[in-house]
Amino acid sequence: MTDQKVNVRYLVLELLLEILEQKEYSHVALQGALEKYQYLDRQDRAFLTRLTEGTIERLIELDAILHQFSKVPVKKMKPVIRTILRMSVYQLRYMDRIPDAAVCNEAVRLAEKKGFKGLKGFVNGVLRTIAREKYKLVFDDLSVKYSMPEWIVTQWTKEYGQQTAVKMLESQYTERPVTIRVNLSKISTETLKNRLESEGVTAHHVEGMDCALAISGYDHIRGIPSFQEGLFQVQDVSSMWVGLLAAPKRDDYCIDVCAAPGGKSLHLADLLQGTGMVEARDLTDYKVELIKEHIARTGVQNVKAVRMDATLLDQASIEKADLVLADLPCSGLGVLGKKRDLKYRITPEQQEDLVRLQRRILDTIWQYVKPGKTLIYSTCTIHREENEGNVMWFTKQYPFLLKKQKLLLPGIDPWDGFYIAKLERKVYD
């Protein structure tokens, strides 16, 4: 499981320290590592990804196991030792193809390599005891069993009932295919499917979504020639529904107020078939550059990226837009299968802050919509106050009618959790 030059377990240890101790975002750190070590073979890259993501997503359970077999509390362990033990317990518990002895021996070597020779016996003793007892460990508490903070379990159970909540908890560990949205202004779905297969990528049609393909069997996205040519965009099916429900009409002027990295803006532009204009706005130069990179790669002409703060009123935009897309910052509880550390970062207080921010933005951007035209409000969370609660508040405050809403729940639907509301501004306020 190791490259001749690189110890993959050592890479995982460094990644986990960066994520769990230095608080880097897991998807950012992992993507950076995979790009840096592109020369690793596919098996090693898969091992690195599985062990990093698995340790993070099972963290509460792993700590509960360590709590049973270590005299030193997890929180009082040295960060390096704590991380070595966590990633090793994950291997013992969930990676059956790796012999227990190999897991224990590699953990001891890692401890020594990081300068903790005096703790080799402690690491070895804890892990070998867990290896003997691992099949006897059963957790009934949903928070521990699914490594989900207790407050989220409570919130989901209250909002959706325990049966649905359990399905949502289980969905974190359901492997979903990577989906891409075809740039239909450049190529048909069937032609792209054939093209991808000629490039060594496995591609399947997605039921009920003509613009989408599910792909697998590739090494990294950026290395696929058809990606480099801008023939597709990586995008979850849930996210594609935003553009499809928005259904912009030919020559529409659209404003996407929180657009980065730009996938939804590009989808709107594609649906406009080269007509009209999509103004993709975001708060920082960095985010605007991300959007510009995707515009340049895809070669789409009817999108422009602009730096603008969505909380501040742009007088020049008042009643100018046929469509305003407000895919707003949210708690992200619908995408925990992709952003595995998010559940440990978000708090109930932050959720409340986000509701206030969402309302502050809506309080401003509704004015950009022409009478009789459309506002799309969407989030990648499943928290009702951020979704239905905000829409109910909004329609009471402002001259809009709710025309349609769509809620996708992980574990119930096969894609990310997502909420989309289509609102129409009344002709007479």
Practice item. Output ³J(HN,Hα) for the stretch 301-309: one whole-Hz value per residue in order, computed from phi by the Karplus curve 6.51 cos²θ - 1.76 cosθ + 1.60 with θ = phi - 60°, and x for Gly and Pro. Key: 8, 9, 9, 10, 9, 9, 7, 7, 8
Practice item. Would you please give the residues with an amide H less than 5 Å from that of Ala212, counting only those at least 5 places away or on a separate chain, with H modeled from the backbone geometry? Key: Val182, Val206
Study note, to complete from the structure: Distribution output for the stretch 155-262: share of Cα-Cα pairs per 5 Å bin in percent, first bin at 0, values 2, 10, 18, 18, 16, 14, 11, 7, 5, 1
Review point. Any idea of Arg195's accessible area? Nearest 10 Å², probe 1.4 Å.
Key: 70 Å²
Review point. Points 7 angstrom from Cα along the Cβ direction at Glu293 and Lys406: gap in nanometres?
Key: 2.8 nm
Review point. Rounded to a whole number, what % of the accessible area of the stretch 35-103 do carbon and sulfur atoms account for, probe 1.4 Å?
Key: 52 percent
Check your understanding: How do Met95, Met392, Met87, Met277 stack up against each other in accessible area, from largest to smallest, with a 1.4 angstrom probe?
Key -> Met392, Met277, Met95, Met87
Check your understanding: How large is log10 I(q)/I(0) at q = 0.10 Å⁻¹ when the Debye formula is applied to the Cα atoms of the stretch 322-429, each weighted equally and without solvent?
Key -> -0.29
Review point. Rank Lys193, Lys113, Lys373 by accessible area, highest first, at a 1.4 Å probe radius?
Key: Lys113, Lys373, Lys193
Review point. Among the listed pairs Lys71/Lys145; Lys193/Lys404; Lys76/Lys113; Lys338/Lys406, which are separated by more than 25 Å between their Cα atoms?
Key: Lys193/Lys404
Review point. Counting pairs of alpha carbon atoms under 8 Å apart in space and at least six apart in sequence, what relative contact order in percent does the chain give?
Key: 12 percent
Study note, to complete from the structure: Note to self: with every protein chain in place and a 1.4 Å probe, the chain gives an accessible area per residue in Å² of 46 Å²
Study note, to complete from the structure: For the stretch 289-415, the accessible surface attributable to carbon and sulfur atoms (probe 1.4 angstrom, ligands and nucleic acids excluded) amounts in percent to 51 percent
Check your understanding: Taking N as the number of residues in the stretch 209-254, what is its alpha-carbon radius of gyration divided by 2.2 N^0.38 Å?
Key -> 1.43
Revision key, fill the gap. For the stretch 51-92 (alpha-carbon point model, no solvent) the Debye-based log₁₀ I(q)/I(0) at q = 0.26, 0.30, 0.32, 0.35 Å⁻¹ works out to -0.88, -1.13, -1.25, -1.37
Study note, to complete from the structure: Expressed in square angstrom to the nearest 10, the accessible area of His67 with a 1.4 Å probe stands at 140 Å²
**Study point:** Hydrodynamic radius (Kirkwood) for the chain, which is based on Cα pairs only, to one decimal in Å
**Key:** 23.5 Å
Practice item. Evaluate 2.2 N^0.38 Å with N set to the residue count of the stretch 245-298, then give the Cα radius of gyration divided by it. Key: 1.07
Revision key, fill the gap. Taking Lys and Arg as +1 and Asp and Glu as -1, residues besides Val335 with C-beta under 15 Å from its C-beta add up to -2
Review point. Using the Karplus equation 6.51 cos²θ - 1.76 cosθ + 1.60 (θ = phi - 60°), what ³J(HN,Hα) coupling, rounded to whole Hz, does each residue of the stretch 388-395 give in order, writing x for Gly and Pro?
Key: 4, x, 5, 5, 4, 4, 5, 5
Point to revise | Potential lengthening between Asp140 and Thr275 on full extension [0.36 nm per residue; Cα-Cα distance subtracted] | key: 43.0 nm
Study note, to complete from the structure: For the stretch 243-368, using Cα atoms only, the Rg and Dmax in Å read 15.1, 44
Check your understanding: Local charge sum around Val234 (other residues, Cβ-Cβ under 12 Å, Lys/Arg +1, Asp/Glu -1)?
Key -> +3
Review point. What percentage of the solvent-accessible surface of the stretch 168-263, computed with a 1.4 Å probe over protein heavy atoms, is contributed by carbon and sulfur atoms?
Key: 50 percent
Revision key, fill the gap. Cα-based Debye curve of the stretch 1-86 sampled at q = 0.27 Å⁻¹ gives log₁₀ I(q)/I(0) of -1.37
Revision key, fill the gap. With Ala101 itself left out, Lys, Arg at +1 and Asp, Glu at -1 over residues whose Cβ is under 13 Å from its Cβ give +1
Study note, to complete from the structure: If the chain between Glu21 and Asp41 were fully extended at 0.36 nm per residue, the gain over the current Cα-Cα distance would be 4.4 nm
Practice item. Report the accessible area of Tyr173, computed with a 1.4 Å probe over the heavy atoms of all protein chains in place, in Å² rounded to the nearest 10. Key: 60 Å²
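The values are calculated or read from the model by the stated rules, or taken from the named source; none is laboratory data. Note that the structure is a prediction, hence the values are computed from the model and not measured. So basically every Cβ, Gly included, is an ideal-geometry build from the backbone, and we count neighbours across all protein chains shown. In case anyone asks, the SASA skips ligands and DNA or RNA and just uses the protein heavy atoms, side chains included. Shrake-Rupley method; radii C 1.70, N 1.55, O 1.52, S 1.80 Å.
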